[in-house]
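The values are calculated or read from the model by the stated rules, or taken from the named source; none is laboratory data. Note that the coordinates shown come from a computational prediction; the quantities given were computed from them, not determined experimentally. As a convention, Cβ positions derive from the backbone with ideal geometry for all residues, glycine included, and neighbour counts pool all protein chains shown. Areas reflect the complete protein model, heavy atoms only, side chains present, ligands, DNA and RNA absent. Shrake-Rupley method; radii C 1.70, N 1.55, O 1.52, S 1.80 Å.
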Amino acid sequence: MDYVLLAAVAIKVTLIVVICIAIVPIMTWVERRGAGVLQMRLGPNRVGPFGLFQPVADGLKFFFKEDLLPPFANRPVFVMAPFVAMAAAICALAVIPFGSVLTVLGRKIPLVIADVDAGVLLLLAASSMGVYGIIMAGWSSNNKYSQYGGLRSSAQIISYELALGLAVIAVLVLSGTLRPTAIVIQQAESWWNVLYLPLGFLLLLISGFAETNRLPFDLPEAESELVGGYHTEYSSMKFSMFFMAEYLNMVVSACLLVTLYLGGYAVPGFIRNALGLSGNWLAAAEVATFFAKVFFFLWLFVWVRWTLPRFRFDQLMHIGWKILIPLGFLNVIWAALLVVWGVRS
Amino acid sequence: MLVFFVVAAVAVGAALVVVIHRNPVIQALSLVVFLLAVAGVFVLLNAQFLAALQVIIYAGAIVVLITFVIMLLNLGPEARGGPGIPTLLIAFLLGALLIGVLGRAGLTFEPLAANTPVSPDGVLPHAPGYGSVGAFGRALFSTYFYPFEAVSLAIVAALTGAVLLAKRKLED
């Protein structure tokens, strides 16, 4: 048993979870300031420089709020729901490669928590568990608004998971492997998958918005119709955990897009040659590249949220079943044709 | 071994809740726990691909649909009388049959020796790449091709039936 490798795994797990949770307060700040910019106003600017400490103030406020439990709620399910939502989001991060290898004390440490054969499938499996948090919250609250939110959410997530799955399958057909690290290396050696499958990229992006319940697909928490949606009855840190789960899902969605379609952590060759990067410097540059791409998509989520209005529910179902899924099949056929023509090899 | 017993205990406990509990939503949620535990058993058998599929298809899609329908119809706790004597008798006979078959399989089970000849398609345990996606796909589309196609046909039949039933209701 090599204790250095064991410690490395423990440190990797801790670091990745901490970094991804730390993205949440940063994103709440970006979201509110971004909303300010897009609506030509200032946004929160009183707590600290540029309002940077606003998330800290919000976090403290959540800790000191009373934790209400509705009297007719189903207690165990009500308490467990936010944990399920958050655990599912964190699990999905386990198979995402953040970089190639780091050399510490003469040992090569891969910068991915679990490099498994069926990695992409495990990611889909973990993220498909997230809907249970919302369903459990909606049902156990014993509140009609929560119930509607939970129902809408499960219908929406089932519908868009199909389009998302088809967009992922196209990449798997093209690359012939389910291992995320192998998919990234293939893209580094030829071109990014988005150039071969532009349609698939769009499908994954759109269904990413739907899967994370973000505008224009945020019907499960449409505040003008449902008060707060599935988390109407939640307060204090339990509400905060749903909030964090939503942002973590955005991070997972962005990581999936970057890994499958945009070359993952790979540093473009001309930059690597220009700076003469190698060894651990290259690994650091790879992690930086990965997070730069992820942050672009997180910004895109914010940008779209404050730009587009919400869909009606029938429009949502129409787009999901009658437009995205047929396009998804077309995209898979296109990927198969590319393989037959030998475009990639 | 310890992990197996923990996972198995969770599976059996969750399965019992599915059968005994009277609240349909709790039953559906326990079914999810049970399916996840079975996926855990698959991982212990080195069949990660199967485990991932189990979670995506059963826990992630089918039970979500079941829960959706339960919530849409807003079913309360089940009001049921005790099952009749014939039902109980059939249940007892089937249960005894299942326990008999499984018990016989468990008693006569011999672990494969380490030097068991390895089949080229990686179907047998201990083959290199056993349980991987490649081995799984090759076995599915060569050795088990006809059963696989038969199952596809059954699913198409079920789909057609569902469409027919839905259409008829609309015309009435």
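Below, the figures for the structure above:
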{"read-out": "Verdict on residue A:73 being surrounded by fewer than 23 Cβ atoms within 10 Å (Cβ to Cβ), among the aliphatic types (A, V, I, L, M), under 19 Å from residue A:11 (Cα atoms) and within 13 Å of chain B (Cβ to nearest Cβ)", "value": "no"}
{"read-out": "Residue list for region A:141-155, restricted to those being buried (at least 24 other Cβ atoms within 10 Å of the Cβ) and more than 8 Å from every other protein chain (Cβ to nearest Cβ)", "value": "A:141, A:146, A:149, A:152, A:153"}
{"read-out": "Unique residue being without any contact (Cβ under 8 Å) to a residue 40 or more places away in the chain, more than 14 Å from chain B (Cβ to nearest Cβ) and open to solvent by less than 50 Å² (accessible area, probe 1.4 Å) when the list is A:51, A:59", "value": "A:51"}
{"read-out": "Residue in region B:72-88 that is in a helix (DSSP H, G or I), closer than 28 Å to residue A:138 by Cβ and within 14 Å of chain A (Cβ to nearest Cβ) present", "value": "yes"}
{"read-out": "Meets criteria (in a helix (DSSP H, G or I), open to solvent by 50 Å² or more (accessible area, probe 1.4 Å), among the β-branched types (Val, Ile, Thr) and modelled with pLDDT of 80 or more) for residue A:13", "value": "yes"}
{"read-out": "Residue in region A:95-110 that is at pLDDT 80 or above, open to solvent by 30 Å² or more (accessible area, probe 1.4 Å) and either part of a strand (DSSP E or B) or within 12 Å of chain B (Cβ to nearest Cβ) (or both) present", "value": "no"}
{"read-out": "Matching residues, region A:207-224, being open to solvent by 20 Å² or more (accessible area, probe 1.4 Å), more than 22 Å from residue A:20 (Cα to Cα) and touching a residue at least 24 places away in the same chain (Cβ under 8 Å)", "value": "A:221"}
{"read-out": "Residue within region A:37-45 that is assigned to a helix (DSSP H, G or I) and either at pLDDT below 85 or crowded, with 16+ Cβ neighbours inside 10 Å (or both) present", "value": "no"}
{"read-out": "Of all residues in region B:19-49 being under 24 Å from residue B:70 (Cα atoms) and open to solvent by 40 Å² or more (accessible area, probe 1.4 Å), the one that is farthest from the chain's Cα centre (by Cα)", "value": "B:22"}
{"read-out": "Members of region B:57-67 that are among the β-branched types (Val, Ile, Thr) and open to solvent by 40 Å² or more (accessible area, probe 1.4 Å)", "value": "B:57, B:62, B:66"}
{"read-out": "Test for residue B:68: is it within 10 Å of chain A (Cβ to nearest Cβ), in contact (Cβ under 8 Å) with a residue 12 or more places away in the chain and assigned to a helix (DSSP H, G or I)", "value": "no"}
{"read-out": "Options A:194, A:184, A:173: the member that is crowded, with 22+ Cβ neighbours inside 10 Å and either of a type in the set (Val, Ile, Thr) or under 15 Å from the mean Cα position of the chain (by Cα) (or both)", "value": "A:184"}
{"read-out": "Some residue of region A:121-133 being in contact with a Pro (Cβ under 7 Å, 6 or more places away or on another chain), open to solvent by 10 Å² or more (accessible area, probe 1.4 Å) and more than 7 Å from every other protein chain (Cβ to nearest Cβ)", "value": "no"}
{"read-out": "Residue within region A:330-342 that is farther than 23 Å from residue A:173 by Cα, part of a helix (DSSP H, G or I), open to solvent by 70 Å² or more (accessible area, probe 1.4 Å) and out of contact with any strand residue (DSSP E or B) (no Cβ under 7 Å at 6 or more places or on another chain) present", "value": "no"}
{"read-out": "Condition met for residue A:82 (free of Cβ contacts under 8 Å to residues at least 60 places away in the same chain and either touching a helix residue (DSSP H, G or I) at 6+ places or on another chain (Cβ under 6 Å) or part of a loop (DSSP other than H, G, I, E, B) (or both))", "value": "no"}
{"read-out": "Selection within region B:43-65 - more than 11 Å from chain A (Cβ to nearest Cβ) and not in a loop (DSSP other than H, G, I, E, B)", "value": "B:44"}
{"read-out": "Subset tally (residues that are open to solvent by less than 10 Å² (accessible area, probe 1.4 Å) and of a type in the set (Val, Ile, Thr)) for region A:78-94", "value": "0"}
